[in-house]
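Student: This is the structure I want to talk about, given as structure tokens.
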Amino acid sequence: MDGNGRWAESRGLPRHAGHKEGVRPVRMCIEECARRGVEALTVFAFSSENWARPSVEVSSLMQLFLEAIDREVDELHKNKVRMRFIGDRHALSVKLQARMAATEQLTAANSGLKLQVAVSYGGRWDILQATKKLSAAVASGAMALEAVTEEVFSRELMLSGVPDPDLFIRTGGDYRISNFLLWNLAYTELHFCDTLWPDFDKPHLENALRAFAMRERRFGLTPGQLNVAREGETSQRA
Ligand code: IPE
Ligand code: MG
């Protein structure tokens with residue numbers, strides 16, 4: 001979700017005004033994904049690197065997260081959304097950590113959209129924390145080195161239990177991943193759009209979904225192999 005600062009600055013407003021305005025499209029995406037039966041949605045709210053921003057901006061964002069949780073949680077719960085926060089929580093205030101834990105507890109048994117909010121998150125940090133956990137298990141003898149497979153490794157990542165994303169959307173006109181879900185994005189379709197995040201509305205989301213539907217996903221196979229697999233599926237259905 002990129003472009004909040006530029007959205008505000010182009011209007012002569014403080015950057016915070018852009019972040020505040022950025023809450024609306026988050027709500028729209030959650031509602032649309034839930035309505036369409038999307039299994040999981042992960043939003044990148046604050047990166048490991050964002051801590052280096054001016055302290056007024058960091059603290060206003062933390063305040064915004066608190067307010068947004070308090071305001072939205074009941075409605076999300078009513079709509080059966082299961083909410084999780086992914087990232088390095090140690091750096092967050094005790095108050096925010098408590099709200100996050102309470103929200104996760106409240107919505108844990110919900111059967112609807114799996115919503116992950118990445119706060120203080122970095123893809124490299126995620127891979128490193130998983131590596132450390134598994135290294136400790138191997139070093140102590142609790143786990144054999146040979147037992148560390150891709151599947152076992154991915155279970156230690158923050159998105160454990162959530163399928164790899166099919167589609168990645170970045171707004172704001174830059175064409176990069178910026179340390180988002182590095183492991184999980186291996187075969188994700190990437191969609192970049194120039195719209196600044198506060199202006200991202202339903203037609204923009206529909207556009208991204210339409211573009212995604214046109215992609216051929218080969219997962220390393222040849223087009224010929226895909227055709228054989230598709231024919232198999234069709235005859236199975238028949
Ligand atoms: C994204 O908008 C929101 C956060 C990183 C919290 P930016 O704040 O990066 O907006 P720009 O890129 O400066 O316009
Ligand atoms: Mg930015």
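The values are calculated or read from the model by the stated rules, or taken from the named source; none is laboratory data. As the structure is a computational prediction, the values presented were derived from the model and not from experiment. Glycine also receives a Cβ, built like all others from the backbone with ideal geometry; neighbour counts cover every protein chain displayed.
Student: From Leu41, Leu76, Leu64, which residue is at pLDDT 95 or above and within 16 Å of ligand 1 (Cβ to nearest atom)?
Tutor: The conditions single out Leu64.
Student: Of the residues Gly161, Gly141, which single one is closer than 21 Å to Ala45 by Cβ and more than 16 Å from ligand 2 (Cβ to nearest atom)?
Tutor: Criteria check complete, one pass: Gly161.
Student: Among what's in the stretch 33-74 and is within 16 Å of ligand 2 (Cβ to nearest atom) and polar (S, T, N, Q), pick the residue that is nearest to Ser111 (Cα to Cα).
Tutor: The selected residue is Ser47.
Student: Kindly indicate the residue of the stretch 145-160 that is over 12 Å from the mean Cα position of the chain (by Cα) and touching a residue at least 12 places away in the same chain (Cβ under 8 Å) and also surrounded by the fewest Cβ atoms within 10 Å (Cβ to Cβ) among those meeting that condition.
Tutor: Val152
Student: Out of the residues in the stretch 164-191 that are among the aromatic types (Phe, Trp, Tyr) and surrounded by 16 or more Cβ atoms within 10 Å (Cβ to Cβ), state the one that is farthest from ligand 2 (Cβ to nearest atom).
Tutor: Trp183
Student: Among the residues of the stretch 145-174, what is the count of those that are in contact with a Cys (Cβ under 9 Å, 6 or more places away or on another chain) and polar (S, T, N, Q)?
Tutor: The total comes to 1.
Student: Consider Ala142 carefully, then state whether it is in a loop (DSSP other than H, G, I, E, B), aliphatic (A, V, I, L, M) and free of Cβ contacts under 8 Å to residues at least 12 places away in the same chain.
Tutor: Yes: the conditions hold for Ala142.
Student: Give me the residue from the stretch 1-27 that is touching a Lys or Arg at 6+ places or on another chain (Cβ under 9 Å) and in a loop (DSSP other than H, G, I, E, B) and, out of that set, nearest to ligand 2 (Cβ to nearest atom).
Tutor: Applying the filter and picking the extreme gives Asp2.
Student: Ile30 fails exactly one of the following numbered conditions: (1) assigned to a helix (DSSP H, G or I); (2) within 16 Å of ligand 2 (Cβ to nearest atom); (3) under 20 Å from the mean Cα position of the chain (by Cα); (4) aliphatic (A, V, I, L, M). What is the number of that condition?
Tutor: Here Ile30 clears every test but (2).
Student: Being of a type in the set (Asp, Glu) and within 22 Å of Arg15 (Cα to Cα) is the filter here; which residues of the stretch 191-222 pass it?
Tutor: Asp194, Asp199, Asp201
Student: Which one of these is surrounded by 15 or more Cβ atoms within 10 Å (Cβ to Cβ) and farther than 21 Å from Gly172 by Cβ: Ala98, Ala40?
Tutor: Selected residue: Ala40, the only one of Ala98, Ala40 that is surrounded by 15 or more Cβ atoms within 10 Å (Cβ to Cβ) and farther than 21 Å from Gly172 by Cβ.
Student: Can you name every residue in the stretch 2-29 that is within 10 Å of ligand 1 (Cβ to nearest atom), crowded, with 18+ Cβ neighbours inside 10 Å and at negative phi?
Tutor: Matches in the stretch 2-29: Asp2, Asn4, Gly5, Trp7, Ala8, Arg15, His16, Gly18, His19, Gly22.
Student: For the stretch 194-229, enumerate the residues that are within 18 Å of Trp7 (Cβ to Cβ) and either away from ligand 1 (no atom under 16 Å from the Cβ) or surrounded by 12 or more Cβ atoms within 10 Å (Cβ to Cβ) (or both).
Tutor: Answer for the stretch 194-229, where residues must be within 18 Å of Trp7 (Cβ to Cβ) and either away from ligand 1 (no atom under 16 Å from the Cβ) or surrounded by 12 or more Cβ atoms within 10 Å (Cβ to Cβ) (or both): Thr195, Leu196, Trp197, Pro198, Asp199, Phe200, Asp201, Lys202, Pro203, His204, Leu205.
Student: I'd like the full set of residues that are among the aliphatic types (A, V, I, L, M) and either in contact with a Cys (Cβ under 9 Å, 6 or more places away or on another chain) or closer than 16 Å to Ala68 by Cβ (or both), limited to the stretch 87-100.
Tutor: Correct list: Leu92, Leu96, Ala98, Met100.
Student: Within the stretch 54-79, which residues are exposed (fewer than 12 other Cβ atoms within 10 Å of the Cβ) and either among the β-branched types (Val, Ile, Thr) or at positive phi (or both)?
Tutor: Passing the criteria: only Val56.
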